[in-house]
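Take a look at the structure below.
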Amino acid sequence: MALSFGQAPFGLRELKITSQDGTGAIALPVALMLHFTERVQKEEFVAEGILVASRSFCIGLDWELEAGALDLAVYAKLTGRSAATAGSAPNRTVTLDGNTGIDFPYVRIYGRAVGDAGTDDVRIKIFKAKLSSIEGTLRNGQFWVTSCAGVGVPDLTFGVYEIVQDETAVAL
């Protein structure tokens, strides 16, 4: 059985976030994982002890992503905070203050995997994502990995998400 283009995506090759309007793209360094699960509302109609009908439909999604390295510009974009750069090489610093009370903004999330032929790809876009958790660990003998999760809500223009299979690979 031959697969058509985009049917066998392999490995995450790019992961980016933007502001909710699609501007200000930032690539997540060392992209490791993008995962989403549709949130499904289900209703069943039972009468006289018999299942008469069932309805189920997508109302949003839950998402998770992981990326290697600690990029404070990405952290700031996801949390609505600012990452301030000071100094000049070789004595530069980047500082992010973890202030409370700032409402996390909606962002867009873009992911891309290359197909098994190497010339095709699959792109996923979550149109309106909000962060609900973010973490990383400093651990002896291991590199930092940023892990975060959140919810995707419907965008009135575009919906919840989009998956595109490209016969010819297209960078994000």
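The values are calculated or read from the model by the stated rules, or taken from the named source; none is laboratory data. Given the structure is predicted, the values throughout are model-derived calculations rather than measurements. Here the Cβ positions follow ideal geometry from the backbone for every residue, glycine too, while neighbour counts run over all protein chains shown.
Cβ-Cβ contacts under 9 Å between residues 6 or more apart (or on different chains), taken from a first residue in region 157-172 that is polar (S, T, N, Q) to a second residue that is surrounded by fewer than 12 Cβ atoms within 10 Å (Cβ to Cβ) and assigned to a loop (DSSP other than H, G, I, E, B), are listed as Gln165/Ser4. Selection of region 1-51 for residues being hydroxyl-bearing (Ser, Thr, Tyr), closer than 22 Å to Val170 by Cα and modelled with pLDDT of 95 or more yields Thr18, Ser19, Thr23.
The set of residues in region 80-104 that are farther than 16 Å from Ile134 by Cβ and assigned to a strand (DSSP E or B) comprises Ala84, Thr85, Ala86, Thr93, Val94, Thr95. Of all residues in region 59-96, those that are among the aliphatic types (A, V, I, L, M) and under 18 Å from Ser147 (Cβ atoms) total 11. Out of curiosity, is Asp97 out of contact with any helix residue (DSSP H, G or I) (no Cβ under 8 Å at 6 or more places or on another chain), exposed (fewer than 14 other Cβ atoms within 10 Å of the Cβ) and within 26 Å of Gly136 (Cβ to Cβ)? In short, yes.
I need the full set of residues from region 36-95 which are out of contact with any strand residue (DSSP E or B) (no Cβ under 6 Å at 6 or more places or on another chain), among the acidic types (Asp, Glu) and in contact (Cβ under 8 Å) with a residue 12 or more places away in the chain, in order please. Scanning region 36-95 gives a single hit, Asp71.
For region 128-172, the candidate set comprises residues that are among the polar types (S, T, N, Q) and outside any strand (DSSP E or B); within that set, the residue that is farthest from the chain's Cα centre (by Cα) is Asn140.
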